[in-house]
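So the structure is just underneath, and the comments pick up after that.
Nothing in this text is a laboratory measurement; each read-out follows from the coordinates by a stated rule. These figures come from a predicted structure and were not determined experimentally. Every residue, glycine as well, gets a Cβ built from its backbone with ideal geometry; the counts of neighbours run over all protein chains shown.
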Amino acid sequence: MTTAELPLDSAWISALVEVEDRPLLIRIRSEIDAVVGHPGFANLLRVTWDYEANDSGLPEDDDLAAMTRCETDLETALEQGGCGLMTHVLTGDGLRQWVFYVADLEHAAERINAVLPRDTPYPIELAAASDPDWSEYGELHAKLLRSQPPTA
């Protein structure tokens, strides 16, 4: 099974929330109900980047530009590579987290290593966990939807 075989939508929602009086920017893929909990993508892969936060806990422009390049590389490695799906991104308090659901953790790591630059490596770390029910995504998505104002 690859991500090319999944009914994906590119819609995302974003929100800036307060956690312990610090801003947390959340971006989450919003229209993937047909995919959530797919047994072929039961592994949660978290890619983290520690950064020097500004006074509000968010990254400075230089770090943000590098993180944007890193995100593009991660998407190329995992989504375009067919082995994973980015579901949400969290930024705040000196930490950016990209969260993917992947089929095979070893294959995902190989894809990431094949795509990421070697001359100036990104300061990222990978962590994995089994999440066959997509619990983290589901809980965050539900919280974010509850926090959104109704639309007319």
CD proxy at 222 nm, helix term only [per DSSP H run n ≥ 4: -39500 (n - 2.57); per residue of the chain; nearest 500]: -9000 deg cm²/dmol
Computed label-point distance, nm, for sites ASP21 and SER56 using a 7 Å Cα→Cβ extension: 1.7
Label-point separation in nm, ASP133 to ALA109, each point 7 Å along Cα→Cβ: 2.7
Amide H within-cut-off set for TRP12, under 5 Å, with H built and near neighbours excluded: SER30
Positive-pole candidate from VAL47, PRO123, CYS83, dipole of region 3-146, charges at beta carbon: CYS83
Given 10 as the ceiling on other Cβ atoms within 10 Å, longest exposed-site-free region of the chain for GluC sites (Glu not before Pro) in DSSP loops: 53-152
Within region 28-136, trypsin sites (Lys or Arg not before Pro) in DSSP loop having at most 11 other beta-carbon neighbours inside 10 Å: ARG118
Cα centre as origin, Lys/Arg/Asp/Glu Cβ charges: the chain dipole, Debye: 360
Charge context of VAL99, other residues only, Cβ under 15 angstrom, K/R +1, D/E -1: -3
